[in-house]
Every structure is written in structure tokens, then in C-alpha cells.
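The values are calculated or read from the model by the stated rules, or taken from the named source; none is laboratory data. Quick caveat, the model's predicted, so the values are computed rather than measured. In this analysis, Cβ positions are derived from the backbone assuming ideal geometry, glycine residues included, and neighbour counts consider all displayed protein chains. The protein model used for the area step is the full one, side chains on, heavy atoms only, and it has no ligands, DNA or RNA in it. Shrake-Rupley method; radii C 1.70, N 1.55, O 1.52, S 1.80 Å.
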Amino acid sequence: MASLSAIAPAISVTRDARGTHVEIPAGVNTDDPIVIDYDAADAALIAHTFVSAGEGTRATIVERLTGNAEREIAASTTVTAAANADLTYTVLQNVGSGVRVEAKRVSHVGPGARVGWNVALLGGSSVTDSVISDHSGAGANTEIAALFFPVAREVVQLTTEVQHNVPHTNSQTVVRSIAAGRGRGRYFGNIRIAAHAHGSEASLRDDTLLIGKDAKIDAVPALEIAANDVKAFHGATVGAIDEEHIFYLMSRGIERDAAEKLIALGFFEPAVARFPGETLRAELRTLLEEKLAGARR
Amino acid sequence: MTFFGPNRTIGGVSKRGLVISGLRASVDSKEILKGIDLTVEPGKVHALMGPNGSGKSTLAFAMSGHPNYEVQSGSVTLDGTSLLELSPDKRARAGLFLSFQYPAAIPGVSVANFIRTARMAVKPDDLPPAKFRAMIYEKLGVLDMDPAFLSRYVNDGFSGGEKKRLEMLQLAILAPKYAVLDETDSGLDVDALQSVGKSIEAMRATDDGKDTGFLIITHYPRILRHVPADVVHIMMDGRIVKTGGPDLAERVEREGYDSIREEVAGGVA
């Protein structure tokens, strides 16, 4: 059972057999996040969310996904942002280590509109998540910030994709991942710029830290650029924690475990910094710290 | 009469001091330190000078336990505690501080978080948060550092002067028993060097800092104008070849290292 809190009176949040519907009528702006809680408490959870952001609106939605035991969760989000809308959708997924999750997040971004995805994937024995955004008008902008963190025997696969189908649209994708213990991950980062989508700008930044010799993350970036007069940037790093950094912290009296934890939390910070609201960021940092504490070796 | 060596008093063992004895160390299988004997007493400033490649930084890293530096023989004790068997964090908790020549940048970790964690590691039963914050602001002021520093990431995008000031801020806040400053003055402009000197002298004037022993490693005598040395050692080719008073530093400035090299070339082991 989802619990919903709609802050602004004009925004409607309803539930029917298809899922949860959030309607933000044209012109409505709100800074208070709309929170949607999905908890796989007693049974398998199917969580579909449909967001319709009208013209010129501004809103933030926070979806919290939790669950325990060996639940299965199937989740999807569809965001449609009309012209000049500004919609931020945050997913805080924190599930037990036996839970299996399959999620698909899709956004359709209209002319001059912006959709910002912030996805944090924590926990789960097997997690498959994709964030796919397409642009239907000039001036559309997609921002994706994601972090995932398989530890112990968790397996996470994340796919992000931005489709620049029309001229003059932007996107920015930032993904940070850490694998520890026997945690395994895969990241597919896709940028597609169609032949007539000149004047597009896209960037893809993917950074991975591996803690321990059994941790593994494969990153597969794919930039398909069919147009001229575009700007596309891609940067990626994969590595272990730098021993010089560990030594620097230890030389200040900080034990190795604590030093690794500081560095790992710092590593996630560029992604965490993009999540909206200091309270939310503090909550996310606490979740990451707890996971790090339990994840050594 | 039996000669115990330079680090002990006859009739008893003097335990206080940072005592380096017969230290031999190598890096990449190449021997750099060929037997170093040096004692820093509480509250005293020892300068260690020498030409590039003489092994000064190797000494600093070997003392702090950097994994790339292998100690072949010898000992380092801090007020009686033997350091060489200890991991770097335990050496720091025993009271050793190393100011790096090239401090590491740790992205995403704020200066505030880092300093608080380090202080709690070396001084666990500590000041309540409000007092700690007041202390940090006070030390920032002495170093002419903007409090905005606290929310920046450690050494990330810092200029050389900013990095050295952060090292000095840590020195002031961690209040170690012995501080090894590795070429703190390198790359600093006049103002930054003055701040650094002011900060060290301010620390030495406090109750916490007056007994701190300093080993200032430097190529040039500049910093010694701000922090006067009690003893000056000259290191060459992995050995300390000459020890003297502050006038020895002045001699290096006037005559360079070559004159000292010639003087000792007569043959001292």
C-alpha cells in the first residue's frame, strides 16, 4: 500500500488499477517534494507511477522503494513533461539483500522542458534498472544522476539512455558506482543523437571504485552520434582506492577501515550532490555510511 | 667507560624525545638512508637541510610508515614508544605528525569532516562540538584562511599555498608531540610563508603546543627566519654529515651545499 503526501493543493495524486498518477496542472510550481512510498511489506510489489507535468510547471517527486525478505518488486515510472516544465524525479531504493527488483524509468521531455532523474540503488540480490529519456522539442534537457553500490553478493545492472531526436537539446548523465566484497555491477550508458538532431549537447560521466579483489563492475558506454554540429563528451574511470590517499588519512590517525569509508563516501559525493534538498542528501549519506560499515571485505 | 651512543644518558634511559637511531631505509630496492641518528627533544626545533636527492623526504616517509619505503635496520622511538612496528595511524596516535610536501587531494571529503575525524582519532576524549568549532575558527584566523575552506574538498583544486595552509591547520588542530614538516616552504610565496611561520609560532606559544618537537625539513633557510631552529643538521647522500647551530643554516645560504660537501669529503663515515 502506497502512502502519498501531496503538498500543493492543485496537484492531484490518485491511485487506480494501473498505478499511481501524479498530475501537475499547467503553471503550478512547488518546492515541496511529493513523496511516494512503495514498500514490499507483505507481498510482491508492482509499483507503476505516471507523472504528467503540465506546461510551465515545476515540481519534485521522491519515490522511496523499500522491501525485505525475498520479495520481488517490479517498478516503473513514466514522466511526461510538457513544454517548459521542470520535473525532478528522485528514486531512493533501499531494499533488503534478498529482494529482486526490476525497474524501468522513462521520460518524454517536451520543448524547453527539463527532467532531472536522481536514482540511488541500494540493496537487493538482483537489481535491474533502466532510465530512458527522449526529447520531443528544441530546448529539452535531461539530467541523470545515479549511484549504485553492490556489496556482499548483490548484483546491480543499470542502463541509462538519452535519445536526442530533434535539434537543439541537451543532456547530462553522471553515474557513480562502488562495488565491494563480491558485489557485481554492470552499467550501460547510452547517448543517441539522431541524424537531424544538430545543435545537441550531451555528456556522459561514469566513475567506478572497486573495493577488494572480488568486486567487479563492467561499464559499457555507447555514444551513437549521427549528426554534425553536436557536442558530446564522455569520461570514465575505474579503479581501486588510491593507496596514497589511504596513507594520507592514516598518517592523521585515521584507521584504514575508516579511511576507506571516508574515501568511498567522498567518491559518491558528486552524484549525491545532485539529489534535491539537504535533508534528502543527508538521509542518502547516512544510508551509504551504514552500507559501507556493513560491507567491509 | 662504556659509550652508549648519542641518544641515552649514562645511568638511565632518557625516554622523552623523537629518537632516530641507525636508520637505514630504501625505496624501489635502492638504499637511500644509510644510517641516520637524530634526536628531537620536546619543544625544540631541529632543521634538516640538504641538497635535492639527499634523502630528506625519504626520512620523513620512513618515519611515518609509507608503504613504499622499506626500513632495513635501525629504530625510531617517540617518548619511548617504538614506531617502526606500528601502522601509520598508530604512529599518528602515538603523537607523530607529518606535514606533506605534496598533500593528496581527497575528492568529496570536506575539510570539516576530515579535520573532525582526524582530531577524534588522535584525541578521542575531546572537546564538545561548540568548543571544537571555536578552536577551528581561531586557527583559521591565525592562518588567514577563509572559513569557506571548511566546506571545500580536501586539497581538491587547492593552490600550493592553500595546501600548505591546510597542513598547518591540521598541525594546529591535531597538536602532536612531534611534527615533521617536509619542505613546507617549497612553492610558497612571501605571504603564504609568513602565514605558515605565524601559525607555527602561535602554536608553540600555546599550552598544547609549547612542548611539540619539530623536525623541519627544508632545502632553503627561508622558513627558519620565521621559525628559528635550535639545531641544524645537514644531510647528504643519505647521511647526516654535519650538525650545528643556527649559523650553519646561514652558512648554507651564503656558501651553498658544495662548501659543506668539500669540508666533509675528507672522510666521515
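Here are some residues: A:141, A:118. Which one is in contact (Cβ under 8 Å) with a residue 40 or more places away in the chain and over 18 Å from residue A:74 (Cα atoms)?
A:118
How many of the residues in segment B:98-128 are touching a Leu at 6+ places or on another chain (Cβ under 6 Å) and under 24 Å from residue B:218 (Cα atoms)?
Residues in segment B:98-128 being touching a Leu at 6+ places or on another chain (Cβ under 6 Å) and under 24 Å from residue B:218 (Cα atoms): 1 in total.
Being hydrophobic (A, V, I, L, M, F, W, C), more than 19 Å from residue B:184 (Cα to Cα), within 14 Å of chain A (Cβ to nearest Cβ) and open to solvent by 10 Å² or more (accessible area, probe 1.4 Å) narrows it down to one of B:78, B:86, so name that one.
The unique qualifying residue is B:86.
Would you point out which residue out of A:92, A:65 is assigned to a strand (DSSP E or B), farther than 21 Å from residue A:172 by Cβ, open to solvent by less than 20 Å² (accessible area, probe 1.4 Å) and not β-branched (Val, Ile, Thr)?
None of the other options fit; the residue is A:65.
Looking only at segment A:95-111, count every residue that is open to solvent by less than 60 Å² (accessible area, probe 1.4 Å) and either basic (Lys, Arg) or in a strand (DSSP E or B) (or both) and tell me the total.
Number satisfying all stated conditions: 7.
Tell me the residue from B:93, B:133 that is within 23 Å of the chain's Cα centre (by Cα) and of a type in the set (Lys, Arg), please.
Working: B:133 fails: within 23 Å of the chain's Cα centre (by Cα).
The match here is B:93.
Quick check on segment A:263-284. Is at least one of its residues open to solvent by 40 Å² or more (accessible area, probe 1.4 Å), under 16 Å from residue B:117 (Cα atoms) and within 12 Å of chain B (Cβ to nearest Cβ)?
No, that holds for no residue.
Tell me, which residue of segment B:89-102 that is assigned to a loop (DSSP other than H, G, I, E, B) and surrounded by 18 or more Cβ atoms within 10 Å (Cβ to Cβ) is nearest to the other protein chains (Cβ to nearest Cβ)?
My answer is B:100.
Quick check on my filter: what residues within segment A:228-262 are polar (S, T, N, Q), within 14 Å of chain B (Cβ to nearest Cβ) and open to solvent by 40 Å² or more (accessible area, probe 1.4 Å)?
Here is the first cut: in segment A:228-262, the residues polar (S, T, N, Q) are A:228, A:237, A:251.
Filter once more, keeping what is within 14 Å of chain B (Cβ to nearest Cβ): A:237, A:251.
Across segment A:228-262, the qualifying residue is only A:237.
Among the helices (runs of 4 or more DSSP H) contained in segment A:182-297, which hold 1 or more residues that are free of Cβ contacts under 8 Å to residues at least 60 places away in the same chain, of a type in the set (Ser, Thr, Tyr) and closer than 30 Å to residue A:61 by Cβ?
A:278-294
Listed here are the residues, each with its yes/no results for (1) at pLDDT 95 or above; (2) not aliphatic (A, V, I, L, M).
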residue	(1), (2)
B:169	yes, no
B:188	no, no
B:199	no, yes
B:214	yes, yes
B:227	no, no
B:238	yes, yes
B:258	no, yes
B:269	no, no
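Taking the condition of being in a strand (DSSP E or B), within 19 Å of residue A:120 (Cα to Cα) and not small (Gly, Ala, Ser), how many residues in segment A:68-89 meet it?
The number of residues fulfilling the criteria is 8.
Can you confirm whether segment A:215-226 contains a residue that is within 30 Å of residue B:90 (Cβ to Cβ), more than 14 Å from chain B (Cβ to nearest Cβ) and among the aliphatic types (A, V, I, L, M)? Steps first, please.
Taking segment A:215-226 as the starting set, the residues that turn out to be within 30 Å of residue B:90 (Cβ to Cβ) are A:215.
From the residues that got through so far, the ones that are more than 14 Å from chain B (Cβ to nearest Cβ) too are A:215.
Narrowing further to those that are among the aliphatic types (A, V, I, L, M): A:215.
Yes, some residue in segment A:215-226 is within 30 Å of residue B:90 (Cβ to Cβ), more than 14 Å from chain B (Cβ to nearest Cβ) and among the aliphatic types (A, V, I, L, M).
Looking only at residues that are in a loop (DSSP other than H, G, I, E, B) and open to solvent by less than 30 Å² (accessible area, probe 1.4 Å) in segment A:127-156, which one is farthest from residue A:287 (Cα to Cα)? I'd like the intermediate steps shown before the answer.
Pass one, segment A:127-156, residues in a loop (DSSP other than H, G, I, E, B): A:136-140, A:149-154.
Add one more test, that the residue is open to solvent by less than 30 Å² (accessible area, probe 1.4 Å), and what stays is A:137, A:140, A:149-151, A:154.
Numbers: A:137: 38, A:140: 33, A:149: 11, A:150: 13, A:151: 13, A:154: 16 Å.
Filtering segment A:127-156 for residues that are in a loop (DSSP other than H, G, I, E, B) and open to solvent by less than 30 Å² (accessible area, probe 1.4 Å), the one farthest from residue A:287 (Cα to Cα) comes out as A:137.
Which count do you get for residues in segment B:117-145 that are touching a Ser or Thr at 6+ places or on another chain (Cβ under 7 Å) and open to solvent by less than 30 Å² (accessible area, probe 1.4 Å)?
Summing the residues that are touching a Ser or Thr at 6+ places or on another chain (Cβ under 7 Å) and open to solvent by less than 30 Å² (accessible area, probe 1.4 Å) in segment B:117-145 gives 1.
Read through the list (1) in contact (Cβ under 8 Å) with a residue 60 or more places away in the chain; (2) over 23 Å from residue A:182 (Cα atoms), then give the number of the only condition that residue A:152 fails.
Going through the list (1) in contact (Cβ under 8 Å) with a residue 60 or more places away in the chain; (2) over 23 Å from residue A:182 (Cα atoms), residue A:152 breaks only (2).
With a cut-off of at least 3 residues that are under 23 Å from the mean Cα position of the chain (by Cα) and modelled with pLDDT of 85 or more, name the strands (runs of 3 or more DSSP E) lying wholly within segment A:1-55.
Ranges flagged: A:19-24, A:34-40, A:45-53.
Have a look at B:111, B:154, B:71 and point out the one that is β-branched (Val, Ile, Thr) and under 28 Å from residue B:19 (Cβ atoms).
That would be B:71, the only listed residue that is β-branched (Val, Ile, Thr) and under 28 Å from residue B:19 (Cβ atoms).
It is to be established whether one or more residues within segment A:214-227 are open to solvent by less than 20 Å² (accessible area, probe 1.4 Å), within 21 Å of the chain's Cα centre (by Cα) and within 19 Å of residue A:131 (Cα to Cα).
Yes, segment A:214-227 has at least one match.
Could you list, in sequence order, all residues of segment A:20-59 that are of a type in the set (Gly, Ala, Ser), within 25 Å of residue A:99 (Cα to Cα) and buried (at least 18 other Cβ atoms within 10 Å of the Cβ)? Full working, then the answer.
Pass one, segment A:20-59, residues of a type in the set (Gly, Ala, Ser): A:26-27, A:40-41, A:43-44, A:47, A:52-54, A:56, A:59.
With the extra rule that they be within 25 Å of residue A:99 (Cα to Cα), the set shrinks to A:40-41, A:43-44, A:47.
Once the filter is applied, which keeps residues that are of a type in the set (Gly, Ala, Ser), within 25 Å of residue A:99 (Cα to Cα) and buried (at least 18 other Cβ atoms within 10 Å of the Cβ), segment A:20-59 yields A:40, A:47.
Among the residues of segment B:42-58, are any in contact (Cβ under 8 Å) with a residue 60 or more places away in the chain, within 14 Å of chain A (Cβ to nearest Cβ) and either β-branched (Val, Ile, Thr) or under 30 Å from residue B:252 (Cβ atoms) (or both)?
Looking for residues that are in contact (Cβ under 8 Å) with a residue 60 or more places away in the chain, within 14 Å of chain A (Cβ to nearest Cβ) and either β-branched (Val, Ile, Thr) or under 30 Å from residue B:252 (Cβ atoms) (or both), one finds at least one in segment B:42-58, hence yes.
Could you tell me how many of the residues in segment B:118-159 are within 13 Å of another protein chain (Cβ to nearest Cβ) and at pLDDT 90 or above?
12
State whether the residues of segment B:55-72 include one that is more than 21 Å from the chain's Cα centre (by Cα) and surrounded by fewer than 21 Cβ atoms within 10 Å (Cβ to Cβ).
For segment B:55-72, residues more than 21 Å from the chain's Cα centre (by Cα) and surrounded by fewer than 21 Cβ atoms within 10 Å (Cβ to Cβ): present.
In segment A:157-181, how many are in a strand (DSSP E or B) and over 19 Å from the mean Cα position of the chain (by Cα)?
Count: 2.
Residues in segment B:109-117: is at least one in contact with a Lys or Arg (Cβ under 7 Å, 6 or more places away or on another chain) and more than 9 Å from chain A (Cβ to nearest Cβ)?
Looking through segment B:109-117, at least one residue is in contact with a Lys or Arg (Cβ under 7 Å, 6 or more places away or on another chain) and more than 9 Å from chain A (Cβ to nearest Cβ).
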